[in-house]
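Okay, structure first, notes after.
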Amino acid sequence: MTAPFCEQCGSPADKGEHRRCAARRELEPPRYCPDCGRRMVVQVTPVGWTARCSRHGELRG
C-alpha cells in the first residue's frame, strides 16, 4: 500500500506527477508526514536523520 500523501511536497500522492519529489527523495529526508500530510520536524545529523510528526511519531533514516 502506498502512502496517501507525498513525503516531499505534502500534496495527495495520487494527484499529479511527483517526478521532482522522487528525485529529491533519493537525497533528502521526508519533509511531510506520509500518513496525514502535516509538516514534520526534521533533524539531519552526520549519521542519519529523524523526522517527527506530531500525530504519527518518528521516522528514522
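The values are calculated or read from the model by the stated rules, or taken from the named source; none is laboratory data. Not measured: the values here are computed from a predicted model. Glycine gets a Cβ as well: all are built from the backbone with ideal geometry, and neighbour counts include every protein chain shown.
Each residue in region 43-61 was checked for being surrounded by 11 or more Cβ atoms within 10 Å (Cβ to Cβ), under 12 Å from PRO30 (Cβ atoms) and small (Gly, Ala, Ser), and 1 of them qualify. Counting residues in region 33-53 that are touching a Gly at 6+ places or on another chain (Cβ under 9 Å) and of a type in the set (S, T, N, Q) gives one or more. For region 11-28, give me the residue count where each residue is surrounded by 14 or more Cβ atoms within 10 Å (Cβ to Cβ) and either within 27 Å of VAL47 (Cα to Cα) or in contact (Cβ under 8 Å) with a residue 60 or more places away in the chain (or both). Going through region 11-28 one residue at a time, the tally reaches 4. Exactly one residue out of ARG20, ARG25 is under 11 Å from the mean Cα position of the chain (by Cα) and either basic (Lys, Arg) or on the phi > 0 side of the Ramachandran plot (or both), and it is ARG25.
Look at ARG31 and say whether it is under 10 Å from the mean Cα position of the chain (by Cα), surrounded by fewer than 14 Cβ atoms within 10 Å (Cβ to Cβ) and at pLDDT 95 or above.
On the way: under 10 Å from the mean Cα position of the chain (by Cα): yes; surrounded by fewer than 14 Cβ atoms within 10 Å (Cβ to Cβ): no; at pLDDT 95 or above: yes.
It is false that ARG31 is under 10 Å from the mean Cα position of the chain (by Cα), surrounded by fewer than 14 Cβ atoms within 10 Å (Cβ to Cβ) and at pLDDT 95 or above.
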